[in-house]
Amino acid sequence: MSLYPSLEDMKVDQLARAQHSAPVHHHPAVAGGYAPAPHPTSAPSPQAGYASLYPSLGDYMGLALTPDVVEANMPGYTMIPYPQQQNAVAVQGPKYIAPVTGENNLGVMRAEVKQGIREVVLCKNSAGIVGIRLRHISQGIFVSLVAKDTPAALGGLRFGDQVLQINGKNMAGCNMNDAMDMLRRAKADRITMAVRDRPFERTITMQKDSGGHVGFVYKNGKITKLVKDSSAARNGLLTDHNMVEVNGQNVVSMKDDNVERLLTGSGTTITITVMPTFVFEHMVKCMSTGLMKGSMDHSVPDI
């Protein structure tokens, strides 16, 4: 199966394949000759069951993400029970093809969403600071602030991530003071954290038209309108979603004028990370908006 960052990439690749596999008339086979086997092609088939985007957690910051709640508040999303497997099986990943976007597009690479749990290893800076503020919400510990130019920002922690462990200690049941105190007492050269990504986020890669537009309107980071037949519409961008990253750069709490400069200053390809407004607004409501607006990290992440 082949995957493409945008619909434009898929169409260009399909055109190239069609030209390459155009029928060629051969003379009848003769003794000792052979007919070359046809070039193998395979049509993309529907995946056999999408796993839940947040499979092992029934709620997020106290927001119940049950199938009924998802269906009522986030049209287009479906939660399917995550299959339990006894043995891990290594499978070959899908082939990624990007004739328009480019194989090594930095925006696509920075914006890659990996669902599941990841390990983040941090250290303290010369001032003994990690650079995050944690908040206790509904028996969980969440990242409420990532400060600019700190080890936390460089290590890839993001606003809204859930911290499951710090140096092997489970955070379930810990309060904010316990978690922050654990960071203060940790050794400066190595702090290991198990982190779960924000739920229901996805990336959309789009191509600018001749006028430099991709075809969507936003206000306070929320997608409000789509332009018919634009790259945004073709590639499945939806209204009632909020942008959280542009080309992998955090834009939560960023003013619309600054977001516009990011979009305008990008190349012909733009990748944005979005999440349903229903989840985003709940996430912001649970956090400190004053800290978000005044100290949030908006730096460009390293690859």
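The values are calculated or read from the model by the stated rules, or taken from the named source; none is laboratory data. Fair warning: this is a prediction, and the values are worked out from it, not measured in the lab. Note: ideal-geometry Cβ built from the backbone for every residue, glycine included; neighbour counts use all protein chains shown. All accessible areas refer to the heavy atoms of the entire protein, side chains included, with ligands and DNA or RNA removed. Shrake-Rupley method; radii C 1.70, N 1.55, O 1.52, S 1.80 Å.
So that you can scan it fast, the table gives a plain yes or no per residue for (1) touching a Leu at 6+ places or on another chain (Cβ under 7 Å); (2) within 26 Å of THR271 (Cα to Cα); (3) in a loop (DSSP other than H, G, I, E, B):
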position	(1), (2), (3)
MET109	no, yes, no
GLU112	no, yes, yes
VAL120	yes, yes, no
ALA127	no, no, yes
VAL130	yes, no, yes
ARG133	yes, no, no
ILE141	yes, no, no
VAL146	yes, yes, no
ASP149	no, yes, yes
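Any residue in segment 127-149 that is of a type in the set (D, E, K, R) and at pLDDT 85 or above sitting within a Cβ distance under 7 Å of a residue that is surrounded by 13 or more Cβ atoms within 10 Å (Cβ to Cβ) and not in a loop (DSSP other than H, G, I, E, B)? List the pairs, counting only those 6 or more apart or interchain. Going by the 7 Å Cβ cut-off, the qualifying pairs are ARG133/SER144; ARG133/LEU145; ARG133/LEU291; ARG135/PHE142; ARG135/SER144; ARG135/MET176.
Scanning segment 167-210 for residues that are on the phi > 0 side of the Ramachandran plot and open to solvent by less than 60 Å² (accessible area, probe 1.4 Å) turns up GLY168, GLY173, PHE200. On the basis of being small (Gly, Ala, Ser), in contact with a helix residue (DSSP H, G or I) (Cβ under 9 Å, 6 or more places away or on another chain), over 18 Å from VAL279 (Cβ atoms) and modelled with pLDDT of 90 or more, does SER231 make the cut? It is true that SER231 is small (Gly, Ala, Ser), in contact with a helix residue (DSSP H, G or I) (Cβ under 9 Å, 6 or more places away or on another chain), over 18 Å from VAL279 (Cβ atoms) and modelled with pLDDT of 90 or more. Could you list all residues from segment 180-206 that are closer than 27 Å to MET275 by Cα and among the small types (Gly, Ala, Ser)? Once the filter is applied, which keeps residues that are closer than 27 Å to MET275 by Cα and among the small types (Gly, Ala, Ser), segment 180-206 yields only ALA194. Selection of segment 233-268 for residues being open to solvent by 20 Å² or more (accessible area, probe 1.4 Å) and in a strand (DSSP E or B) yields GLN249, ASN250. Would it be correct to say that ALA98 is over 24 Å from the mean Cα position of the chain (by Cα), hydrophobic (A, V, I, L, M, F, W, C) and modelled with pLDDT under 90? Considered against the rule, which asks whether it is over 24 Å from the mean Cα position of the chain (by Cα), hydrophobic (A, V, I, L, M, F, W, C) and modelled with pLDDT under 90, ALA98 comes out as no.
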